[in-house]
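Since the structure comes first, as structure tokens, the remarks are kept for the end.
The values are calculated or read from the model by the stated rules, or taken from the named source; none is laboratory data. This one's a predicted model, so the numbers in the text were calculated from it and none came from an experiment. Cβ atoms come from the backbone with ideal geometry, glycine included; neighbour counts cover every protein chain shown.
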Amino acid sequence: MKILLDECVPWPLRKVLTAQSFETAQHRGWAGIKNGELIKLAEGEFDLFVTADQNLRYQQNLEGKMIAIIELSTNKLRRLVASAELINNAIATIQPGEFRILQIP
């Protein structure tokens with residue numbers, strides 16, 4: 001599974017996640033690209049988009065998208081690292097085109 005981390009997700013998170021292939025929007029040269037265009041770009045190359053932008057579902061029409069999207073409830077690295085198992089389970093079980101909100105304790 002190829003996963004794109006949005007620029008609002010702290011990049012060190014990828015060190016505690018078990019999925020095989022991560023890239024960040026910044027590393028890809030896509031920093032500053034608005035979510036609608038970013039999702040279009042990602043959909044052609046990635047299976048999953050991970051974001052902490054809670055406005056994404058209101059600003060974008062996600063109907064019919066083939067890329068899966070996980071919305072994290074926070075971008076605080078310490079909380080995300082503590083919830084690595086929860087995030088890894090979500091990544092392992094998400095289906096193509098699914099939008100899932102993940103509440104991070």
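Of all residues in segment 5-25, those satisfying the criterion of being in contact with a helix residue (DSSP H, G or I) (Cβ under 7 Å, 6 or more places away or on another chain) and either within 19 Å of Gly64 (Cα to Cα) or surrounded by fewer than 16 Cβ atoms within 10 Å (Cβ to Cβ) (or both) are Pro12, Val16, Thr18. Looking only at residues in segment 34-49 that are assigned to a helix (DSSP H, G or I) and among the aliphatic types (A, V, I, L, M), which one is farthest from Leu5 (Cα to Cα)? Ranking the qualifying residues of segment 34-49, first place goes to Leu41.
Checking Arg79 against (1) in contact with a helix residue (DSSP H, G or I) (Cβ under 7 Å, 6 or more places away or on another chain); (2) exposed (fewer than 15 other Cβ atoms within 10 Å of the Cβ), only one condition comes out false. Which one? Result: Arg79 fails condition (1) only. In segment 75-105, what residues are among the β-branched types (Val, Ile, Thr) and not in a loop (DSSP other than H, G, I, E, B)? Once the filter is applied, which keeps residues that are among the β-branched types (Val, Ile, Thr) and not in a loop (DSSP other than H, G, I, E, B), segment 75-105 yields Val81, Ile87, Ile91, Thr93, Ile101. Scanning segment 1-20 for residues that are in a loop (DSSP other than H, G, I, E, B), at pLDDT 90 or above and not aliphatic (A, V, I, L, M) returns Asp6, Glu7, Cys8, Pro10.
The residue that is farthest from Leu102 (Cα to Cα), counting only those in segment 41-50 that are free of Cβ contacts under 8 Å to residues at least 40 places away in the same chain and surrounded by 13 or more Cβ atoms within 10 Å (Cβ to Cβ), is Leu41.
Just to be sure, is Ala31 among the small types (Gly, Ala, Ser), surrounded by 19 or more Cβ atoms within 10 Å (Cβ to Cβ) and touching an Asp or Glu at 6+ places or on another chain (Cβ under 8 Å)? No; evaluated as a whole, the condition is false for this residue.
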